[in-house]
Amino acid sequence: MKKLLFLDQTGKSGGAELCLLDIAKNYRSSCLVGLFEDGDFRKRLEQHHIPVRVLAKRSIAVRKSSGAIAGLMSLGQLIPLAVRVATLSRQYDAIYANTQKALVMGAIASRFSHRSLVYHLHDILSPEHFSNTNRRLAVLLANRAKLVIANSQASRDAFITAGGNPALVEVVYNGFEIEPYQTEARSPIGLEGRFVVGHFSRLSPWKGQHVLLEALKYCDEKVGAIFVGDALFGEQDYVQQLQQQVQQFGLGDRVKFLGFRNDIISLMKSCDLVAHTSTAAEPFGRVIVEAMLCGKPTIAAKAGAAPELIDHGINGWLTTPSDAKELADMIESCRQNSQETAKIAAIAQQQASQRFRLTETNAQIHQYLEARL
Ligand code: UDP
Ligand code: GLC
């Protein structure tokens with residue numbers, strides 16, 4: 001078993017962090033997770049008895065869209081952290097960077113400590129997601145790694161298009177513990193008598209909550225929606241925009257915003273259907289797989305990894321990103337053909353519980369690490 005220093009820039013529990021949590025469970029006795037910010041994610045790691053340390057005094061102020069100047073201005077923050085990571089990494093076989101800023105730190109630190117670098121790529125390195133500078137920097141640094149684990153074929157392809165070395169990349173999907181999905185438990189959601197569409201994502205413009213709100217306008221009155229998730233990275237303007245949309249479309253009694261929740265499985269089980277509505281390419285999309293594992297009919301926006309997870313009409317449905325009318329038609333079609341819809345959802349549940357087993361994805365990662373480090 002390799003000794004790994006995992007690095008992640010955030011203390012929040014986003015998809016990349018939940019994926020890391022599941023991988024780190026396998027390395028509990030031989031790893032440390034270093035975070036650049038404190039938060040809920042640190043607590044979750046501790047609950048699972050995974051060694052964790054917050055390495056930065058305050059979070060790093062570079063965004064996905066930042067250019068070179070903002071990057072340089074943050075050097076004052078970066079250097080002390082890189083020194084800390086380099087010193088710490090001497091006790092490990094490899095530095096395993098889980099996010100972009102972790103990659104920057106990890107690459108600098110690995111130069112000094114002569115430890116191998118592994119990069120888990122959870123992003124689509126395309127112009128719609130990242131500035132030119134950040135794309136170039138990510139590829140330049142990732143090409144120094146011994147191994148790049150891409151969370152989907154779509155992330156792998158974008159990495160190579162951006163100049164990434166194909167020989168470094170292995171695709172490993174997110175894995176899931178299947179057993180918790182077998183529960184019959186339901187969480188109350190308070191939209192009795194309605195056909196409930198669930199949306200499970202942080203509130204952020206590219207996650208497209210506004211598309212589902214608009215789709216509700218074209219659906220039967222009986223159709224309502226719950227939005228589960230919070231503005232994890234400070235997208236307060238978007239939250240306001242969504243609230244205005246609810247007022248403007250008169251959806252007050254058909255829609256509920258439930259904030260960030262930890263009972264995702266029983267909430268999903270309470271829904272009649274789950275919609276994923278990202279307007280930009282989704283690098284993987286844990287919520288799509290989670291909905292399939294719950295045995296819920298799943299509609300996803302056809303971009304990024306969604307077509308790798310869903311075969312349209314076979315185990316779910318794909319719609320054109322940002323097309324609210326098409327989404328509404330699809331919701332109505334599922335609602336009105338309930339028997340056929342249930343059959344497809346059952347196939348999805350069965351397939352997903354074979355394809356996305358955590359034991360298997362963790363075994364793949366273990367094998368790649370043993371082979372490349
Ligand atoms: N999630 C959660 N509570 C919430 C909303 C979302 O635990 O209130 C989880 C969700 O179940 C999924 C993850 O957050 O596992 C989001 O991952 P995904 O890959 O779908 O999107 P990301 O936010 O990472 O881009
Ligand atoms: C990132 C991506 C998301 C993916 C998750 C886990 O947060 O945005 O699509 O599912 O990582 O790999």
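The values are calculated or read from the model by the stated rules, or taken from the named source; none is laboratory data. Just so you know, these numbers come straight off a predicted model, no measurement behind them. For neighbour counting, all protein chains shown are included, and Cβ atoms are generated from backbone atoms with ideal geometry for every residue, glycine included.
General observations
- Test for residue 282: is it charged (D, E, K, R), within 14 Å of ligand 2 (Cβ to nearest atom) and not in a helix (DSSP H, G or I): yes
- If you check 150, 97, 107 for being crowded, with 19+ Cβ neighbours inside 10 Å, free of Cβ contacts under 8 Å to residues at least 40 places away in the same chain and away from ligand 2 (no atom under 13 Å from the Cβ), only one passes: 107.
- Considering the conditions (1) under 26 Å from residue 175 (Cβ atoms); (2) more than 17 Å from the chain's Cα centre (by Cα), residue 307 is excluded by exactly one of them, (2).
- The residue of the range 90-126 that is nearest to ligand 1 (Cβ to nearest atom), among those that are assigned to a loop (DSSP other than H, G, I, E, B) and within 15 Å of residue 164 (Cα to Cα), is 122.
Quick grid of which residues meet (1) at pLDDT 95 or above; (2) among the acidic types (Asp, Glu); (3) under 27 Å from residue 305 (Cβ atoms); (4) out of contact with any helix residue (DSSP H, G or I) (no Cβ under 8 Å at 6 or more places or on another chain):
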position	(1), (2), (3), (4)
52	yes, no, no, no
62	no, no, yes, no
67	no, no, no, no
75	no, no, no, yes
80	no, no, no, yes
93	yes, yes, no, yes
104	no, no, yes, no
120	yes, no, yes, no
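- No other residue among 216, 191 is surrounded by 18 or more Cβ atoms within 10 Å (Cβ to Cβ) and assigned to a helix (DSSP H, G or I) apart from 216.
- With respect to (1) buried (at least 21 other Cβ atoms within 10 Å of the Cβ); (2) more than 20 Å from the chain's Cα centre (by Cα); (3) part of a helix (DSSP H, G or I), the lone exception for residue 164 is condition (3).
- Considered as a group, the residues in the range 268-315 that are acidic (Asp, Glu), surrounded by fewer than 23 Cβ atoms within 10 Å (Cβ to Cβ) and farther than 16 Å from residue 350 by Cβ include one that is farthest from ligand 1 (Cβ to nearest atom), and that residue is 272.
- Residue match in the range 7-21 (condition: more than 16 Å from ligand 2 (Cβ to nearest atom) and at pLDDT 95 or above): no
- If you go through the range 202-219 and keep only what is away from ligand 1 (no atom under 12 Å from the Cβ) and more than 16 Å from residue 274 (Cβ to Cβ), you end up with 205, 210, 214, 217, 218.
- Among the residues of the range 244-263, just one is in a helix (DSSP H, G or I) and touching a strand residue (DSSP E or B) at 6+ places or on another chain (Cβ under 6 Å), namely 246.
- Within the range 27-40, tally of residues that are surrounded by fewer than 23 Cβ atoms within 10 Å (Cβ to Cβ) and within 16 Å of ligand 2 (Cβ to nearest atom): 3
- The set of residues in the range 10-57 being basic (Lys, Arg), within 13 Å of ligand 1 (Cβ to nearest atom) and outside any loop (DSSP other than H, G, I, E, B) consists of 44 alone.
- Residues of the range 110-128 satisfying the condition of being without any contact (Cβ under 8 Å) to a residue 12 or more places away in the chain and within 15 Å of ligand 2 (Cβ to nearest atom): none
- Flag for residue 253 being of a type in the set (Asp, Glu), over 20 Å from the mean Cα position of the chain (by Cα) and closer than 25 Å to residue 335 by Cα: yes
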